[in-house]
1. Obtain the nm distance between the two label points defined at Trp66 and Lys46 by a simple spin-label model: each point lies 7 Å from its Cα along the Cα-to-C-beta direction.
2. Return the calculated 222 nm mean residue ellipticity for the chain, to the nearest 500 deg cm²/dmol, obtained by summing -39500 (n - 2.57) across DSSP H runs with n ≥ 4 and dividing by the residue count.
3. Using the basic label-point model (7 angstrom from Cα toward the beta carbon), what is the Ala120 to Glu89 distance in nanometres?
4. Please compute the net charge surrounding Asp58, taking Lys and Arg as +1 and Asp and Glu as -1 over other residues with Cβ under 15 Å from its Cβ.
5. What residues qualify as long-range amide H neighbours of Gly69, i.e. H under 5 Å apart, gap of 5 or more or another chain, H built at 1.01 Å from N?
6. When N counts the residues of segment 12-144, how does its alpha-carbon radius of gyration compare numerically with 2.2 N^0.38 Å, as a ratio?
7. For segment 99-144, state the average projected area of the convex hull of the C-alpha atoms over all orientations, rounded to one decimal in nm².
8. Between segment 12-87 and segment 88-134, what's the alpha-carbon centroid distance in Å?
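We did not get these values from a lab; they are worked out from the coordinates using the rules stated. What you are looking at is a predicted structure, and each value in this text was computed from that prediction instead of being measured. Methodologically, a virtual Cβ is constructed for each residue, glycine included, from the backbone with ideal geometry; neighbour enumeration extends over all protein chains shown.
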Amino acid sequence: MKVLVLNGPNLHLLGRRKPEIYGKATLHDINKAVLNEAVKLGITVKSFQTNYEGKLIDLITEYMDWADGIMINAGALTHYSYALRDAIEASGLPAAEVHLSDISSREDFRRISVILPVCAGQFMGKGTESYIEALRFLAEKIRG
Ligand code: DQA
């Protein structure tokens, strides 16, 4: 099983960006935790972070024939990127939407996810654990 792990804009700042909301873990810490869980589940992961919408779309296109599933924290793009939504849908892969914070209980603009309709599941509000839950969910989904 192979999973493409994508982190979008500003997630490279985790650890110093609003720790009261996003926690103290850095993206490196999160990637380590994801990798650790992936080994237990027998999943190979490839992880990327980019601040660019087009790069996320290019990565989905580049890896859609390699991956069996996509795990994505799209950052703020979650709330308005129809281009990203189209790319996820076009990949034909099961996708899990991830957020460290609970977007349903924050500012109004964060309550909407335009990628949710093309994702098989949404995991949020649990910090690093949101990623772990999403990975387990994808493992189940891929195993069918
Ligand atoms: C986030 C939530 C988004 O609203 C925000 O723009 C982020 C991080 C989260 O993980 O909680 O960058 O995706």
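1. Inter-label distance under the simple model: 0.1 nm.
2. -12000 deg cm²/dmol
3. Label at Ala120, label at Glu89, 1.9 nm between them.
4. -2
5. Residues meeting the amide H criterion: Lys2, Leu4.
6. 0.99
7. Its average projected convex-hull area is 3.3 nm².
8. For segment 12-87 versus segment 88-134, the Cα centre distance is 11 Å.
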